[in-house]
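Working notes, structure below.
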Amino acid sequence: MQRVAVCGAPLERGRAYGRLAREKILRCIASYRGAFKHRAGLEWDAALAHARTFEADIAVFHPAALQEMRGIAEGSGAGVDAILALNCRSELMFAAARRGAMPSECTSFAVTPEASASGHMLLGQNWDWVPFAREACVLVEVRRDDGPDYVTVVEAGMLAKVGFNAAGLGLCTNTLVSAADAGRRGVPYHIMLRALLDAESVEAASKTLHSVDRALSANYLVADKSGAAANFETTSGGASGVHVTRPERGLLAHSNHFLCAGFAVDDAYVGSSPHSLTRLSSMRTALSDRGLSVERVEEILRDHDHAPNGICGHPDPDAHPLYARTTVASVVIDLTAGDAWVTDGPPCEVQYERIRLPSVESVE
């Protein structure tokens, strides 16, 4: 996976990101032009116009994110609107859920010190998405003075996805889709992910999630080096649309359907992606082993039960490429030690590479 190491103020590090990942950013934009049209019925100009409707909410909530996106646009030569559209891609593609044609996504977990072999706080997931994302994925390493340094695995041109920061906070996430999301304004999903990497504890992350109206449902699994962990199921809207779950027997797990009964009545995803249910069941069963190690959770993330839609995902040969699912990256984080292990693709095919924070040898 291409590693993009940047530093400085938001605009400066955005420019560096844009320069270093230019080829993948332009490839990502081209791929999403096709995806928006095919899956959501949006021509490119309409997608850009829709993305612009979120700009004011972003400016109020996280002005640095706008500066970072403007820098990425300058550095890559892409338009600002195109970078904004990438970072609002989930909101733009929501219409696909009403067509009953959403690909299944991620399976995540947290293992607190009481359940891990080492007494460390472990967090991780398989990030599953459309196959073209494998060719557009980058590992972004950020060193900065305006918050904790962080590392995130993300599609090129986007600000954040799965990641962890120098304060010892780790972040995993799962797509959720609610029938109540249609037409909502607020902070886009991937901007919220970027903001959560500013948090230095689970409680700080909780305050961020409760502080603002969100444009889209999503699940956020957050842990920190103190051993705290929490799962936040959210719907679009404000604080009333946040449901918090704490670990049971030291464990948390989630996939792509609502577990909160009050939110599940509007679930617009699980009917077309029932393997969210089987992946969660497989993960919970595997995590029931006591004394879980990094090596053991890596093995769990290679699980192929219910293939091709197991925890480790591979494209269904009968599916259209824009509706197929594959594991884009697998991430395991030891927040106590400050280490992570990442794969570029399905973990059954690719070895985990160790990442340590900070690890910014090539900073411009």
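The values are calculated or read from the model by the stated rules, or taken from the named source; none is laboratory data. Fair warning: this is a prediction, and the values are worked out from it, not measured in the lab. Cβ sites come from the backbone with ideal geometry, for glycine too, and all protein chains shown count toward neighbours. To get the accessible areas, we keep the full protein, side chains included, count just its heavy atoms, and leave off ligands, DNA and RNA. Shrake-Rupley method; radii C 1.70, N 1.55, O 1.52, S 1.80 Å.
When the residues of region 119-132 are filtered to those that are in contact with a helix residue (DSSP H, G or I) (Cβ under 8 Å, 6 or more places away or on another chain) and either assigned to a strand (DSSP E or B) or open to solvent by 10 Å² or more (accessible area, probe 1.4 Å) (or both), the one that is nearest to Ser31 (Cα to Cα) is Phe132. Just one of the listed residues (Ala160, Ala229) is more than 15 Å from the chain's Cα centre (by Cα), more than 18 Å from Gly262 (Cα to Cα), crowded, with 24+ Cβ neighbours inside 10 Å and touching a residue at least 12 places away in the same chain (Cβ under 8 Å), namely Ala229. Identification of helices (runs of 4 or more DSSP H) wholly contained in region 163-278 with 1 or more residues that are modelled with pLDDT of 95 or more and under 24 Å from Cys137 (Cα atoms) yields 189-196.
Exactly one residue out of Ala47, Ala65, Ala82 is out of contact with any Lys or Arg (no Cβ under 8 Å at 6 or more places or on another chain) and either free of Cβ contacts under 8 Å to residues at least 12 places away in the same chain or in a helix (DSSP H, G or I) (or both): that is Ala82. Report the residue count in region 301-330 for those that are in contact with a strand residue (DSSP E or B) (Cβ under 8 Å, 6 or more places away or on another chain) and of a type in the set (A, V, I, L, M). Number satisfying all stated conditions: 4. Summed over region 50-62, residues that are over 22 Å from Ala182 (Cβ atoms), assigned to a helix (DSSP H, G or I) and open to solvent by less than 50 Å² (accessible area, probe 1.4 Å) total 1. Those residues that are closer than 24 Å to Asp224 by Cα and either touching a residue at least 60 places away in the same chain (Cβ under 8 Å) or of a type in the set (Asp, Glu) (or both), I need them from region 258-281; list them, please. Passing the criteria: Phe258, Leu280.
Could you check how many residues of region 2-37 are buried (at least 16 other Cβ atoms within 10 Å of the Cβ), out of contact with any Gly (no Cβ under 6 Å at 6 or more places or on another chain) and on the phi < 0 side of the Ramachandran plot? Qualifying residue count, region 2-37: 22.
Listed by position, the strands (runs of 3 or more DSSP E) inside region 300-364 whose residues that are within 25 Å of Glu114 (Cβ to Cβ) and at pLDDT 85 or above number at least 3 are 326-334, 339-344.
Quick check, is Arg70 in contact with a strand residue (DSSP E or B) (Cβ under 9 Å, 6 or more places away or on another chain), open to solvent by 10 Å² or more (accessible area, probe 1.4 Å) and more than 22 Å from Leu322 (Cβ to Cβ)? Answer is no for this residue.
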